[in-house]
């Protein structure tokens, strides 16, 4: 009884936790496929791929992605190199100095990115002037500054990752290589680097992601090369469209893809290793070459499902034409608007009748006699105005007959309203 | 067997700050010898090995290999190969790549390397295992791969740093024989570091006994065992019973010591101390457990000890009797099992007899920790 309650609470907790964690991403991804002009999930209008198309026609976004990739690559190279050097230093340095050195190296992580950005800008500007170079020199180039600025703290992250691996390294391996005739460079390249390879790969991925998503530091250093985050931030200032959701969806999909790919690869290595342990020497040649790729490899199965899904979606996207649906939605919206106009008009009519009846009861007041006729005329005209929120001039025709209301339909369409903004 | 390349240590001192790890070591190792440094952990034997292989520079003195001073020559330029205590096989390389790493450095082709690896794998009795990873081998197999890797570099001197310490007893005994065979086959100088006197005695041509950075004695195994120079060498190599006393009278190569508990006893002065030990010196007499025999009751003299038996144990090849002298000092006696019947002496007093030539007298000194 108590036990099952505990189990249920854990499940409830897990569900809430994952909703909290993944919910925003899921909703954002879904909005990328809704034809509504504002990124939202409800009301669901039409399945559309138009936002992806718009995304790839937006030159600023594309340019931002390009800059982000260039800067990301530069940051990966610089940060991993500096991180590896720092990690080697940290493991080989005199123990008494180690704590101090560690603090110094870790400090950039603790310093706000804004400060790093400003200081990078100021520092390199001084250097640039000291060398007597102009404003168009490499030292004041946005890409150079951003790579340098981001690397100041991303290198520290890389170092932490690399130190963790390096601490498991047996220095005797380097000594053995030296003893067998290798130079220090050969020992580094043939023994230490292969050992560090997994950590270097994780550090590189970490550095790239940190660079790709960085805003605080980059905002001071990007110069004429705005990155994707900078472009997005600038865009949001003027309102967002679902094409940003589309971008988010692509990033999420790529992340999931690479995570699955990595998992499948790891699992496969595990399986191969297990197979090797069991296999005798004779079996090794035949058996290992064709390890059944999917046996016991859940990640690989998911990966294939994922790939098939992607192909299906892309295939559908090229063949699918949401035009009819969007037209339907428009028509439906128009009808809804009309219906509401009618309802409103009815209400007004009833009110008017009520009032007339009241006035009739009061009887022989001469001044109030013309009023009812005026009221009736304005009542019809202002009804659409209050609905649409348009200015008065647009629908100034006081005697517009009700049948002409259909002509205003376009003006009330939410889409056209959005574009007006 | 070729003469091989010898190694000499001349007045070698190695210090780490204030700590002296090796104190004035002088050793001549002949080419083609199997030479062991034997001592407890922390005695500086690994330090000597690292100085020979080039990972450490001596603070003073010289390391000579084949007569050439090795100062300033890095480990990758010395004609030595070291087998590490933990073997240090490259975990990401296959066995054959591990073995032929020294050839890869020199730029040999993969086919040459494979060929050589196969030869060496045959030699270490692991044919066809070249494509495995070191982690897929057993302890003994890894051991042999490490030896093959070192031999592949064709060193003049092979240095082994307690390579058998991680193996279980059976495997260790097997590898002792194997190492000795390999050494005799390839005919190069082996320098072997161990704290296991059994390994040192069974394999070595010569042994250096080390204590706290000092080399106490360099000699072949028999001499070390039968004629130790110091109290430490006597107590560290093999089991020994110690009797302390003052020298009462020196008679040529023999001397009589006065002990508190067992009266006057006669012993042979160890060769290195003959002429040095004088009357009145503090001395220690060592008698091996197997050197005692049980004498008829009532006999007494300067090579008899009377003791009370506390307990006995049967070990298979020997029968051990643990006795206590008057003063409470324990004496172990091992009688060989030749099929005779053993009386149970527990609680009784027995008289033990030794031959003078089997009792060794050395100056009083530090004993090896039990």
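The values are calculated or read from the model by the stated rules, or taken from the named source; none is laboratory data. Remember, predicted model here, so these are calculated numbers, not experimental data. Cβ sites come from the backbone with ideal geometry, for glycine too, and all protein chains shown count toward neighbours.
Say whether the condition of being within 30 Å of residue B:127 (Cα to Cα) and touching a residue at least 60 places away in the same chain (Cβ under 8 Å) is met by at least one residue in segment B:6-26. Checked against the condition, which is being within 30 Å of residue B:127 (Cα to Cα) and touching a residue at least 60 places away in the same chain (Cβ under 8 Å), segment B:6-26 yields no hits at all. One residue alone among A:124, A:44, A:51 is touching a strand residue (DSSP E or B) at 6+ places or on another chain (Cβ under 9 Å), in a helix (DSSP H, G or I) and surrounded by 13 or more Cβ atoms within 10 Å (Cβ to Cβ), and that residue is A:51.
Just give me the residues in segment B:66-93 being within 11 Å of chain A (Cβ to nearest Cβ) and farther than 25 Å from residue B:183 by Cβ, in sequence order.
Within segment B:66-93, B:74, B:91, B:92, B:93 meet the criteria.
Would you please name the residue that is surrounded by the fewest Cβ atoms within 10 Å (Cβ to Cβ), looking only at residues in segment B:101-120 that are in a loop (DSSP other than H, G, I, E, B) and more than 10 Å from chain A (Cβ to nearest Cβ)? Out of the qualifying residues, it is B:107.
Among the candidates A:188, A:258, A:212, A:249, the residue that is surrounded by fewer than 13 Cβ atoms within 10 Å (Cβ to Cβ) and either within 14 Å of chain B (Cβ to nearest Cβ) or part of a helix (DSSP H, G or I) (or both) is uniquely A:258. Of everything in segment B:200-237, what is within 18 Å of residue B:85 (Cα to Cα) and surrounded by fewer than 24 Cβ atoms within 10 Å (Cβ to Cβ)? Give them in sequence order. Answer for segment B:200-237, where residues must be within 18 Å of residue B:85 (Cα to Cα) and surrounded by fewer than 24 Cβ atoms within 10 Å (Cβ to Cβ): just B:203.
Regarding residue A:178, is this residue farther than 27 Å from residue A:69 by Cβ, away from every other protein chain (no Cβ under 11 Å) and crowded, with 19+ Cβ neighbours inside 10 Å? If you could, list the steps in order and put the result at the bottom.
Values: farther than 27 Å from residue A:69 by Cβ: yes; away from every other protein chain (no Cβ under 11 Å): no; crowded, with 19+ Cβ neighbours inside 10 Å: yes.
Here the answer is no, as residue A:178 does not meet what is asked.
Evaluating residue B:52 against the criteria (1) more than 24 Å from residue B:136 (Cβ to Cβ); (2) more than 20 Å from the chain's Cα centre (by Cα); (3) within 13 Å of chain A (Cβ to nearest Cβ); (4) not in a loop (DSSP other than H, G, I, E, B) leaves one unmet condition, (2). Taking helices (runs of 4 or more DSSP H) as the structural unit, those lying wholly within segment B:180-252 and holding at least 1 residues that are in the same structural domain as residue B:147 (by TED's automatic domain parsing) correspond to B:197-203, B:221-226. Once segment B:260-280 is narrowed to residues that are touching a residue at least 60 places away in the same chain (Cβ under 8 Å) and either assigned to a loop (DSSP other than H, G, I, E, B) or not assigned by TED's automatic domain parsing to the domain that holds residue B:319 (or both), the residue that is surrounded by the fewest Cβ atoms within 10 Å (Cβ to Cβ) is B:276. Determine if segment B:281-294 includes at least one residue that is surrounded by fewer than 19 Cβ atoms within 10 Å (Cβ to Cβ) and at positive phi. No, that holds for no residue.
Residue A:169 meets all of the listed conditions (1) assigned to a helix (DSSP H, G or I); (2) at pLDDT 85 or above; (3) closer than 29 Å to residue A:186 by Cα but one, namely (1). Checked against (1) within 14 Å of chain A (Cβ to nearest Cβ); (2) touching a residue at least 12 places away in the same chain (Cβ under 8 Å), residue B:123 passes all but a single condition, namely (1). The number of residues in segment A:1-29 being out of contact with any helix residue (DSSP H, G or I) (no Cβ under 8 Å at 6 or more places or on another chain) and within 16 Å of residue A:240 (Cβ to Cβ) comes to 2. When residue B:157 is tested against (1) at the interface with chain A (Cβ under 8 Å from one of its Cβ atoms); (2) in contact (Cβ under 8 Å) with a residue 12 or more places away in the chain, exactly one condition is not met: (1). Looking across segment A:317-327, the residues that are part of a helix (DSSP H, G or I) and touching a residue at least 24 places away in the same chain (Cβ under 8 Å) come down to A:317, A:325, A:326. Among the residues here, residue B:286 qualifies as under 25 Å from residue B:202 (Cα atoms) and in the same structural domain as residue B:337 (by TED's automatic domain parsing). One residue stands out among those in segment A:191-209 that are buried (at least 16 other Cβ atoms within 10 Å of the Cβ) and within 14 Å of chain B (Cβ to nearest Cβ): the one that is farthest from residue A:116 (Cα to Cα), which is A:191.
Tallying residues that are touching a strand residue (DSSP E or B) at 6+ places or on another chain (Cβ under 8 Å) and within 11 Å of chain A (Cβ to nearest Cβ) within segment B:135-148 yields 1.
Among the residues of segment B:87-104, none qualifies, meaning not one is at pLDDT 90 or above, closer than 25 Å to residue B:30 by Cα, under 28 Å from the mean Cα position of the chain (by Cα) and in the same structural domain as residue B:31 (by TED's automatic domain parsing).
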